[in-house]
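The values are calculated or read from the model by the stated rules, or taken from the named source; none is laboratory data. Quick caveat: nothing in here was measured; it's all calculated off a predicted structure. As a convention, Cβ positions derive from the backbone with ideal geometry for all residues, glycine included, and neighbour counts pool all protein chains shown. Side chains are part of the model used for accessible areas, which takes the heavy atoms of the whole protein and leaves out ligands, DNA and RNA. Shrake-Rupley method; radii C 1.70, N 1.55, O 1.52, S 1.80 Å.
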Amino acid sequence: MPALTPDTTGSQPSGTWPDELTRAALQLVAEAVTELAGFGLAAVSVAGDDDLLHVIAVSGDAETRDQLVGMVTPTSDLVAGLRRADDWGHFKFVPHERAGEVPWGWVPDVGAPESEDDWHPLDLLIAPLYDGEGALRGTLAIDLPDDGRRPDEARRARLERFAEQAERTIVKALDRERLAHRVRLAAAVRDVVRRGAAGNSLTSVVDEINESLCRAFDAAGFWIRVFDGTNRVAGRGGTEAAWLQVGDPLTGTGRRVAERLWASQQVCCLGTDGYRHDFPGTPEEAAQIEDFVRERGFGLVLYTPLGAGGECLGALSLARRPGAPRWSADEVAAVREVGRDLGQVLLNTLAIEREQQLVQTLRELDAYKSRLIGVVSEELGRPLATIAAAVDRLTEVTTPDGAGRMVSAMGRSTQRMIRLVDDLALLSKVGDPATPIVGRPVDLVPIVREVCQLTEIAAQQRNQTIYLQLPDTDPVLVLGDEAELDRVVLNLLSNAVKYTPDGRSVTVSLRRRGDDTVELAIADQGIGISKADQERLFTEFFRSTNPEALRQPGTGLGLAIVDRIVRRHGGRVDVDAELGRGSTFRVTLVGA
Ligand code: ADP
């Protein structure tokens, strides 16, 4: 047996590796070999990802078993040792004469042999075990022949048969375990990614994946950093509730390393003991990361780039405590997969975050605009009122010839300005979330009747007919602000009259609908609205590019006011219009 040392490196692939079932299977093989082949000791070692052979099962007396299980030996020692061996088929025999300077492995406490055919305590009989692809998976070593002699031809033939069987059984058990481990990891990867996709910010993604990620990869903590200019980093410590205080995220180095890894689709591992695996940076960069990891109480980090397409968006660091086992090749492969899928999750998350920020900025801008309009209209309102009063007075006093016409023109202009300023003030008020409506039940029937009467004059001047369709029974109640609702009906009906050629008709209808909503529809046979204009109809100051529409005076505030009022009443406005044929505006409100 090659030189055995206790596993003090902490490099055993995993504390629970191989699983109980596999250990039991290997133990059975070891026991069968000692019993059937007539040897006092059999030891099965398994090759780990750490290039060490780990003694897993030993058949022999209890003391020897305790002594050997858990010991490790470098695979390279075995390979070197086998060069000095006699080839007996599966088993290789290294007689003590050729054992070399280093006494190999376990030396039984038996007396020195008397003849050349006797078994020597330093003799070594070991079968390297390979899988179907020729990869070394472990060894079966036997010692202490019952008859105290080196095996003769007949015994070697029997041993060959045992070795064949043992190899098959051991490789199968290890394959089963590896497969089970991979299946578990694949399920864990899916779980981590599914959870991550539920988050809509960096911190919520970290929170969501915390437990399943740490459990799947035996990590004591992890952190994700993003390279989006904000240099944010967020991390958690598995079952520990607290957020990891990751601190300075080492952005420059972290980013450079992650980008190199993403370009080659790799992940890397670093240990505070100098361990490096696939690290694509300079020794200085490695030392920087090592210090970073050590200062946060970890001993080992698995660094995975997170990206989408050609872009590296961030990095995931999984950490283990000092002395913890290194990550196995299967774990590394699984984490690489997590990296790819989490990259997509991160891409979406960052997009959502950006969108939320944009919405927030737009809201603030909108509020600012409302405030600005409010201030301007207030400031204009006061001097305008003074001018209007003065113009009124002027019409009463005697004026020189011709001045009367000028004064009445001034009066009309002043009234138009007052209407504009009033509209601006109203727009500012109804667009401001800080002044919500105080809703009361309002009957829409009298409002609609009055507005129709008021508009009737303008309609008659244009030889138009306004048809009014009301429900048979009063009232039609909605919850809201009477003055604002009055304004909605007025703006829509005056537009209908304004944008409808002479001699045609406008129909106003009000009805309750089955779903507890109320619908007010104002349909005209006017100039209609193009599809492109319909998109922007409710934007303040929007006026159509249609020359027919532009012939009518207007400011582009009427529909913006309608839309704001209806929306703050929890309703909506729909337009159904066709150029040259007419338009229908439908307001849906919640019934009271
Ligand atoms: P204004 O009428 O002061 O221009 P509005 O906000 O009320 O502003 O309307 C915006 C634009 O929508 C109008 O300029 C007009 O082009 C179009 N519009 C509104 N109502 C109608 C309608 N009933 N028929 C055709 N076009 C309309």
Looking only at lysines whose Cα falls under 24 Å of K498's and that sit 8 or more positions away or on another chain, we get K531
Measuring with a 1.4 Å probe in the full set of protein chains, what accessible area per residue, in whole Å², belongs to the chain? 50 Å²
From the backbone phi of region 166-179, what are the Karplus-calculated ³J(HN,Hα) couplings (6.51 cos²θ - 1.76 cosθ + 1.60, θ = phi - 60°) in whole Hz, Gly and Pro given as x? 4, 4, 4, 5, 5, 4, 5, 4, 5, 5, 4, 5, 5, 5
When the dipole is taken about the Cα centre of the chain, and only Lys, Arg (+1) and Asp, Glu (-1) are charged at their Cβ, what size is it in debye, to the nearest 20? 3560 debye
Per-peptide average of other Cβ atoms within 10 Å, ordering 484-494, 220-230 highest first: 484-494, 220-230
A correct Karplus calculation of ³J(HN,Hα) over region 73-90, with 6.51 cos²θ - 1.76 cosθ + 1.60, θ = phi - 60°, whole Hz and x for Gly and Pro, returns 8, x, 4, 4, 5, 5, 4, 5, x, 5, 5, 9, 9, 7, 8, 9, x, 5
If you plug each phi of region 560-565 into the Karplus form 6.51 cos²θ - 1.76 cosθ + 1.60 with θ = phi - 60°, what whole-Hz ³J(HN,Hα) values come out, in order, with x for Gly and Pro? 4, 5, 4, 4, 4, 4
Surface accessible to a 1.4 Å probe, M71 within the full protein complex, Å²: 40 Å²
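Between L479 and R393, what length in nm is gained on full extension when 0.36 nm per residue of separation is reduced by their alpha carbon distance? Spell out each step's value before the answer.
Values: separation 86, 0.36 × 86 = 30.96 nm, distance 4.23 nm.
Here the answer is 26.7 nm.
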Show me 272-285, 176-189 ranked by packing, highest mean number of other Cβ atoms within 10 Å first. 176-189, 272-285
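Diagonalise the Cα gyration tensor of region 377-416 and give the resulting equivalent ellipsoid semi-axes, square root of 5 times each eigenvalue, largest first, whole Å.
Numbers: eigenvalues 94, 20, 6 Å².
Taking √(5λ) for each Cα gyration eigenvalue gives 22, 10, 5 Å.
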Keeping the other protein chains in place, figure out the carbon and sulfur percent of the accessible area of the chain, with a 1.4 Å probe. 52 percent
Spread of Cα-to-Cα distances over 5 Å intervals beginning at zero, given as percent, for region 473-540: 3, 13, 19, 23, 19, 15, 7, 1
Can you spot the lysines whose alpha carbon is less than 23 Å from K369's alpha carbon? Ignore those fewer than 8 places along the same chain. K429
Region 286-342, Rg to Rh (Cα coordinates; Rh as Kirkwood inverse mean 1/r): 1.01
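Ratio to report: Rg/Rh of region 389-486, with Cα atoms as the point set and Rh obtained by the Kirkwood method; give two decimals. Walk me through the intermediate numbers first.
Details: Rg = 19.6 Å, Rh = 17.4 Å.
With Rh from the inverse mean 1/r over Cα pairs, Rg/Rh is 1.13.
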Nonlocal amide H pairs with G314, under 5 Å, H built at 1.01 Å: F227, L306
Hey, can you grab everything whose amide H is under 5 Å from the amide H of G556? Only 5+ residues off in sequence or another chain; H modelled, so Pro and N-termini drop out. none
What 222 nm value per residue comes from the helices of the chain, counting each DSSP H run with n ≥ 4 as -39,500 (n - 2.57) and dividing by all residues, nearest 500 deg cm²/dmol? -15500 deg cm²/dmol
How many nm is it between the label spots at S530 and R551, if each spot is 7 Å from the Cα in line with the beta carbon? 1.7 nm
Roughly how many Å is it from the Cα centre of region 127-170 to that of region 260-309, as a whole number? 41 Å
Return an integer: the convex hull volume of the alpha-carbon atoms of the chain, in Å³ per residue. 247 Å³
Cα to Cα, under 19 Å, and not fewer than 8 places away if on the same chain: which aspartates and glutamates meet these conditions relative to K172? D19, E20, E31, D49, D131, E133, E160, E164, D330
Sorted largest first, the C-alpha extents of region 459-592 along its principal axes in whole angstrom are 42, 30, 24
Sequence ranges 127-139, 333-345, ranked by mean other-Cβ count within 10 angstrom, highest first: 333-345, 127-139
Could you please state, rounded to a whole Å, how far the C-alpha centre of region 499-541 is from the C-alpha centre of region 312-391? 37 Å
Can you check how the C-alpha radius of gyration of region 150-189 compares to 2.2 N^0.38 Å, as a plain ratio? 1.90
Expected unfolding gain across D191-R513 under the 0.36 nm per residue rule, minus the alpha-carbon gap, is 111.3 nm
Once amide H atoms are placed 1.01 Å from N in the peptide plane, what residues at a sequence separation of 5 or more from R543, or on another chain, have their amide H within under 5 Å of its amide H? none
